[in-house]
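Written below as structure tokens is the structure these notes are about.
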Amino acid sequence: MMTSQGTKTEQHTELPEDFLPEKTVEFQTIYPVAASERHGRARDLLALWFGANMTMLTVTTGGVMRGTFHLTPLTAIIAAIMGNLIGGLFMALHAAQGPHLGIPQMVQSRAQFGMIGAAPMTALIVIMFLGFSASNLVLGAQGLATMNGHMGGTPGMLIVAFLSLVPAVLGYRAIHGATRIASVLCGAAVLTCLVVALYHIPRTSAWWVSDGHDTVPGFLGAMSLAALWQIAYAPYVSDYSRYLPSSRAGERQAFHATYWGCVLGSFVAMLIGVVTGANVAAVLGRELGWLAAPILGVLSLGIIIANAMNLYCGALSSITVFQTLAPHRHFGRGWRVAISITLLLVATVLAVVMSDQFDKAYAGFLELLMAIMVPWSAINLVDYYLLRHGNYDLPSFFAADGGVYGRFNLRAMLSYLFGLVIQVPFLANELYMGPFAHAFGGADLSWVFGLALTGLVYAVAMRNTGKEKTTE
């Protein structure tokens with residue numbers, strides 16, 4: 001079958017006899033979703049991404065904007081709005097690829113980097129999922145501790161880990177269903193927190209512009225943090241849109257549903273952190289009173305679902321790496337389940353180790369994430385939208401020799417390396433401040449230059465090869 005854009009979407013991979021739909025555990029992994037298995041509506045993504053951001057991790061990120069960058073509330077709000085709107089644009093462009101190709105995002109990266117060349121990048125994405133999972137376990141345990149002190153620390157992490165595993169193992173449908181519930185329950189909890197937080201702040205306009213110290217570097221830093229929050233979803237937003245029926249209208253709807261669901265969900269949750277400041281959990285616990293335990297407990301439910309999403313996509317990315325090493329082997333649901341359990345065990349160990357220094361570990365993780373994510377996103381988007389216009393040869397994604405895309409694409413790999421290097425002079429963190437960041441007053445604008453310059457370099461490098469490797 002051919003899509004409206006001419007992409008081959010038939011399943012060329014020979015499947016085992018037991019490769020049949022299941023009502024419980026998802027059978028599909030990284031292979032193209034056949035037209036007969038496509039289902040759902042684009043608006044389902046609105047609830048999914050709104051619910052996925054109704055967590056304490058999102059709220060805490062808003063608190064970092066005030067605590068780390070010392071902005072006044074009004075300026076921090078403006079930075080959060082701008083960062084989410086800008087970063088969400090790049091993120092949602094990845095989501096629109098799902099209905100068209102029907103494969104996980106990191107498999108599609110083989111078209112840019114080659115069959116083997118994409119493996120190191122995919123492995124880095126797995127590390128990203130582990131970092132997010134560990135962070136969710138720490139915050140989930142903190143939320144449970146508000147309900148019962150005995151459920152804090154390691155016991156709480158184990159509870160969150162076990163509950164996260166259930167939807168991760170069940171797969172796509174279960175996660176979609178769970179996030180629909182979370183969008184209602186956790187959304188109500190977040191709105192309650194926001195109302196209570198707003199009620200307890202000083203009722204003067206002066207507070208909004210005086211409680212803090214606004215600087216240009218601080219504003220840009222906070223805006224970058226919000227933009228990075230959105231860009232961090234780029235490697236797996238299409239994993240949750242790949243079952244949608246393929247059509248041009250469906251792709252546009254997937255973009256808008258993902259964009260507005262993720263941007264609105266993120267901003268509403270971050271707004272709580274902006275209003276309460278750095279010590280979000282302590283402030284909310286005090287201001288919510290007797291409601292603190294049930295409200296923060298519900299938000300722990302949101303963390304469980306978000307963690308399940310990280311485990312699910314981490315398993316898909318891991319399978320992508322394994323399939324690179326053994327291209328003739330079929331990696332079915334058994335592999336996905338086993339890998340999900342393994343990733344959860346690793347994330348739990350990381351969470352226990354870093355729990356005492358969570359704030360520092362989380363900040364360092366975000367800085368690393370910015371450096372590795374941005375050039376990959378730029379290359380993928382330029383390749384998909386500007387060079388190949390969505391035309392890809394699906395069988396080549398799973399061919400041992402990489403098919404028309406080959407094992408390595410040296411031009412893409414050098415472009416990615418350039419993207420990493422070009423960010424260094426613009427980096428600004430506790431460990432290093434580049435010369436250009438110093439000239440900008442300490443503002444970290446590495447992601448801006450990383451996106452723009454990496455995309456430009458890749459487009460120039462591939463200008464004579466783009467048409468040679470589209471669908472034949």
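The values are calculated or read from the model by the stated rules, or taken from the named source; none is laboratory data. Keep in mind the model is a prediction, meaning the values are calculated, not measured. Cβ coordinates were reconstructed from backbone atoms using ideal geometry, including for glycine residues, and neighbour counts include every protein chain displayed. The area values use the complete protein model at the heavy-atom level, side chains included, leaving out ligands, DNA and RNA. Shrake-Rupley method; radii C 1.70, N 1.55, O 1.52, S 1.80 Å.
Just one of the numbered conditions (1) in contact with a helix residue (DSSP H, G or I) (Cβ under 6 Å, 6 or more places away or on another chain); (2) within 30 Å of VAL337 (Cβ to Cβ); (3) modelled with pLDDT of 85 or more is not true of TYR172: (1).
Evaluating MET157 against the criteria (1) within 18 Å of the chain's Cα centre (by Cα); (2) open to solvent by less than 10 Å² (accessible area, probe 1.4 Å) leaves one unmet condition, (1).
Restricting to the stretch 34-66, and then to whatever is within 24 Å of SER205 (Cβ to Cβ) and in contact with a Gly (Cβ under 6 Å, 6 or more places away or on another chain), can you tell me which residue is surrounded by the most Cβ atoms within 10 Å (Cβ to Cβ)?
Taking the candidates together, the pick is GLY62.
Sub-6 Å Cβ pairs linking a first residue in the stretch 204-233 that is closer than 28 Å to GLN105 by Cα and at pLDDT 90 or above to a second residue that is open to solvent by 60 Å² or more (accessible area, probe 1.4 Å) and of a type in the set (A, V, I, L, M, F, W, C), at least 6 apart or interchain, are MET223/MET82; ALA227/ILE86, ordered by first then second residue.
Close contacts from the stretch 289-300, counting a first residue that is closer than 9 Å to THR146 by Cβ and in contact (Cβ under 8 Å) with a residue 24 or more places away in the chain and a second that is among the hydroxyl-bearing types (Ser, Thr, Tyr) and surrounded by fewer than 23 Cβ atoms within 10 Å (Cβ to Cβ), with Cβ to Cβ under 7 Å and a gap of 6+ residues or different chains, come to ALA292/THR146; ALA293/THR146; ILE295/THR192; LEU296/THR146; GLY297/THR146. Considered as a group, the residues in the stretch 297-309 that are among the hydrophobic types (A, V, I, L, M, F, W, C) and surrounded by 24 or more Cβ atoms within 10 Å (Cβ to Cβ) include one that is farthest from the chain's Cα centre (by Cα), and that residue is LEU299.
Can you list the helices (runs of 4 or more DSSP H) found entirely within the stretch 359-472 that contain at least 2 residues being in contact with a helix residue (DSSP H, G or I) (Cβ under 6 Å, 6 or more places away or on another chain) and at pLDDT below 90? Per the criteria, 435-439, 446-461.
Within the stretch 213-243, no residue satisfies the criterion of being out of contact with any helix residue (DSSP H, G or I) (no Cβ under 9 Å at 6 or more places or on another chain) and buried (at least 17 other Cβ atoms within 10 Å of the Cβ).
Only one residue in SER246, SER183, SER164, SER210 is open to solvent by less than 10 Å² (accessible area, probe 1.4 Å), of a type in the set (Ser, Thr, Tyr), out of contact with any Asp or Glu (no Cβ under 6 Å at 6 or more places or on another chain) and farther than 30 Å from PHE449 by Cβ, so which one is that?
Numbers: SER246 fails: open to solvent by less than 10 Å² (accessible area, probe 1.4 Å); SER183 fails: open to solvent by less than 10 Å² (accessible area, probe 1.4 Å); SER210 fails: open to solvent by less than 10 Å² (accessible area, probe 1.4 Å).
Result: SER164 is the single residue among SER246, SER183, SER164, SER210 that is open to solvent by less than 10 Å² (accessible area, probe 1.4 Å), of a type in the set (Ser, Thr, Tyr), out of contact with any Asp or Glu (no Cβ under 6 Å at 6 or more places or on another chain) and farther than 30 Å from PHE449 by Cβ.
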